Amino acid sequence: MEYSTKVKSPSKTKCRMCHGDTFELAQIKSRDEKPDLDLVQCKDCGTITYEGDDPVFGYTSDKFIHEYWIHYAQCGAGISSMAEPLHQANCAGSFLDVGCGFGFMVDYWQTTTGASSDGMELSKYGHIGKEKLNITIHHALLGECPEVDNRYFDIVYASEVIEHVTDPKAFVMALKERLAPGGRVVLTTPSSNAVTDSEVNDTTRIAALSPYFHYFIASRKSLEDLLKAAGFAHVIVQDSGTRLFAWASDEPIELQPDYSFNWDVYLDYLDKLSQNPDRHIRSGALYRRFKDMWNLGKHEQARECFARFEQVCADEYQIDLRSFTIPSDISSFTSDSYDTHPAWLPMSLYMGAQIIEKYEKDSFTPLKMLINSYELGQMHLSNQNFRQFSQEIEHFLPVIKIRLHETLKLKAAEIEPPKEYDEPEPDFFGRIVKHLKESLS
């Protein structure tokens with residue numbers, strides 16, 4: 001996809017959030033058989049809307065469903081980030097996740113709180129998640145599901161869902177109708193700032209836009225106005241710069257001012273998830289667990305979990321992280337490769353290298369792992385059609401590059417690399433990596 005700003009001129013398309021007048025903002029040009037898409041922005045509330053009655057048709061692809069759930073299970077689902085707005089507002093009680101997707105939050109809430117937990121999802125990966133996680137997911141719309149429509153919930157949750165509906169006002173009213181007295185609606189959605197802010201990287205911008213999957217990208221003002229217009233007495237909307245977080249209730253809402261995510265509860269959940277029979281779910285849980293343990297400074301526990309992860313890599317994917325080499329027939333990583341080369345592979349090589357470097361008297365294995373992590377990460381980002389699912393690796397790729405520079409200097413006497421370190425030409429770092437690989441082979 002190519003995102004390019006156009007001259008701002010009036011548009012006939014009305015804003016989906018406030019029905020205000022809009023101006024032409026940009027055009028997304030397709031590189032395949034899909035049609036080009038035009039973006040307009042509301043003059044009043046700032047919401048960005050796709051032109052056309054029905055610009056969404058990506059969900060009809062069976063290939064997408066297969067790729068999406070595997071990537072989501074392996075590393076794509078930000079389980080901790082989905083749970084944060086619930087804990088930040090001290091949410092408790094029965095839980096309804098509308099548009100629950102694969103169902104990780106349904107499973108998380110049921111497992112960690114013991115409260116009743118239901119999900120609603122029409123897409124095929126909702127069917128897959130229901131089976132693999134053994135949870136309650138209803139395959140129907142609100143208002144058309146007897147198992148839900150005669151019940152009321154303490155929490156009605158919709159994470160990254162409202163941007164997928166044609167009538168956001170009707171959607172919010174449907175959520176409100178399912179609330180128990182004193183209950184809370186909790187919403188998350190991409191922020192329009194993720195599209196217009198020049199400081200946002202391309203991968204995050206593409207994820208917010210999600211061409212052919214989103215109808216609009218809301219602004220903070222539009223979401224706050226929408227929830228107040230729905231009749232909620234108390235509304236809080238926060239903008240992280242790329243995502244909006246909203247809480248709405250008829251009772252006062254108090255966010256924890258010194259909120260700190262309970263990582264121990266989350267890590268225990270991942271331990272339970274790591275026992276799932278499905279290899280993609282099991283490996284994804286172990287990957288998240290050892291990575292987060294390491295980042296939290298729980299290094300000994302991370303080391304133990306990494307050992308379990310390595311075993312799953314060997315048993316389920318025939319991958320030895322320590323001796324892994326990128327196959328010559330994979331010139332450009334694609335989502336079709338997830339069955340054999342999982343989405344967590346670049347980052348697990350990077351994180352695993354740090355563990356081995358700290359605990360084992362082996363200086364060359366971590367270096368090989370860093371090189372493969374860097375090259376695989378570049379392959380991920382080269383796949384434009386699936387780049388919106390590569391936010392984690394794009395964030396860490398500069399860090400991996402710096403770490404390779406540092407390692408190169410430390411190993412200079414052993415492998416005699418080039419002496420220049422200031423990258424005087426664009427492909428200099430690529431030549432360093434090539435030299436390292438030749439020296440280590």
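Among Tyr152, Tyr68, Tyr259, which one shows the highest mean-square fluctuation when the chain is modelled as a Gaussian network with alpha-carbon springs under 10 Å?
Comparing Tyr152, Tyr68, Tyr259 in the GNM, the peak value goes to Tyr259.
Longest exposed-loop-site-free stretch of the chain, with GluC sites (Glu not before Pro), DSSP loop and at most 13 other Cβ within 10 Å?
Working: sites that count: Glu33, Glu144, Glu199, Glu254, Glu360, Glu420.
Free of exposed loop sites, the longest segment is 34-143.
Given Cβ point charges of +1 (Lys, Arg) and -1 (Asp, Glu) and nothing else, what value in debye, to the nearest 20, does the dipole of the range 263-315 about its Cα centre take?
On the way: 9 positive and 9 negative charges, 25 e Å.
With Lys and Arg at +1 and Asp and Glu at -1, about 120 debye.
Restrict the search to the range 10-59; then list the trypsin sites (Lys or Arg not before Pro) that DSSP places in a loop and that have at most 11 other Cβ atoms within 10 Å of their Cβ.
Working: sites: Lys12, Lys14, Arg16, Lys29, Arg31, Lys43; in loops: Lys12, Lys14, Arg16, Arg31, Lys43.
Here the trypsin sites (Lys or Arg not before Pro) that fit, given the DSSP loop and packing criteria, are Lys12, Arg31.
Per the helix-only calculation at 222 nm, which mean residue ellipticity applies to the chain, given -39500 (n - 2.57) for every DSSP H run of n ≥ 4 and division by its residues, nearest 500 deg cm²/dmol?
Numbers: 17 runs with 194 residues, N = 441.
Mean residue ellipticity at 222 nm (helix-derived): -13500 deg cm²/dmol.
On a full-extension model of 0.36 nm per residue, what is the gain between Leu296 and Asp250, subtracting their alpha-carbon distance, rounded to one decimal in nm?
Values: separation 46, 0.36 × 46 = 16.56 nm, distance 3.71 nm.
Fully extending the segment from Leu296 to Asp250 adds 12.9 nm.
Could you provide, to the nearest whole Å², the per residue accessible area of the range 257-320 with probe 1.4 Å? It would help to have the intermediate numbers written out before the result.
Values: 3010 Å² over 64 residues.
On a per-residue basis, the range 257-320 sits at 47 Å².
Under the rule of at least 5 residues apart or a separate chain, name every residue whose amide H is placed under 5 Å from the amide H of Phe153.
Hits under the 5 Å cutoff: Leu179, Ala180.
Does the range 116-174 classify as rounded, prolate or oblate by the C-alpha gyration tensor (a ≥ b ≥ c root eigenvalues; a/c under 1.5 gives rounded; else a/b over b/c gives prolate, otherwise oblate)? Each step should come with its number before you reach the end.
Numbers: a/c = 1.79, a/b = 1.30, b/c = 1.38.
Note, shape of the range 116-174 comes out oblate.
Rounded if a/c is under 1.5, else prolate if a/b beats b/c, else oblate: with a ≥ b ≥ c from the C-alpha gyration tensor eigenvalues square-rooted, which is the range 144-284?
Because its axes are fairly even, with a/c under 1.5, the range 144-284 counts as rounded.
Only Lys, Arg, Asp and Glu count, each charged at its Cβ (+1, +1, -1, -1), so figure out the dipole size of the chain about its Cα centre, rounded to 20 debye.
Working: 45 positive and 66 negative charges, 61 e Å.
The calculation lands at about 300 debye.
Can you compute log10 of I(q)/I(0) for the range 39-145 with the Debye formula, treating each Cα as one identical point scatterer, at q = 0.16, 0.17, 0.19, 0.20 Å⁻¹?
Normalising to I(0) and taking log10 leaves -0.85, -0.92, -1.04, -1.09.
If you take the charge dipole of the chain about its Cα centre, with +1 on Lys and Arg Cβ and -1 on Asp and Glu Cβ, which of Tyr212, Ile400, Leu179 is farthest toward its positive end?
Going by the charge dipole, the pick is Ile400.
Return the subset of Lys14/Lys43; Lys176/Lys228; Lys14/Lys221; Lys176/Lys272; Lys272/Lys358; Lys43/Lys169 for which the Cα-Cα distance in this structure is over 21 Å, preserving the input order.
Working: Lys14/Lys43 10 Å; Lys176/Lys228 12 Å; Lys14/Lys221 17 Å; Lys176/Lys272 33 Å; Lys272/Lys358 27 Å; Lys43/Lys169 19 Å.
Correct reply: Lys176/Lys272; Lys272/Lys358.
Take the Cβ-Cβ distance between Thr340 and Gln27 as r, set R0 to 35 Å, and report the resulting FRET efficiency rounded to the nearest 0.05. Please report the intermediate quantities before stating the final value.
Values: r = 37 Å, r/R0 = 1.05.
E(calc), rounded to 0.05, equals 0.45.
Can you pull a Stokes-Einstein diffusion coefficient for the chain at 10 °C (1.306 mPa s), Rh from Kirkwood over Cα pairs, as a whole number of µm²/s?
Numbers: Rh = 23.4 Å.
Rounded to a whole number, D works out at 68 µm²/s.
Give me the percent of accessible area attributable to carbon and sulfur for the chain, probe 1.4 angstrom.
Values: 9250 of 19530 Å².
Its accessible area is 47 percent carbon and sulfur atoms.
The values are calculated or read from the model by the stated rules, or taken from the named source; none is laboratory data. Keep in mind the model is a prediction, meaning the values are calculated, not measured. Ideal geometry is used to build each Cβ from the backbone, glycine not excepted, and the neighbour counts take in all protein chains shown. The protein model used for the area step is the full one, side chains on, heavy atoms only, and it has no ligands, DNA or RNA in it. Shrake-Rupley method; radii C 1.70, N 1.55, O 1.52, S 1.80 Å.
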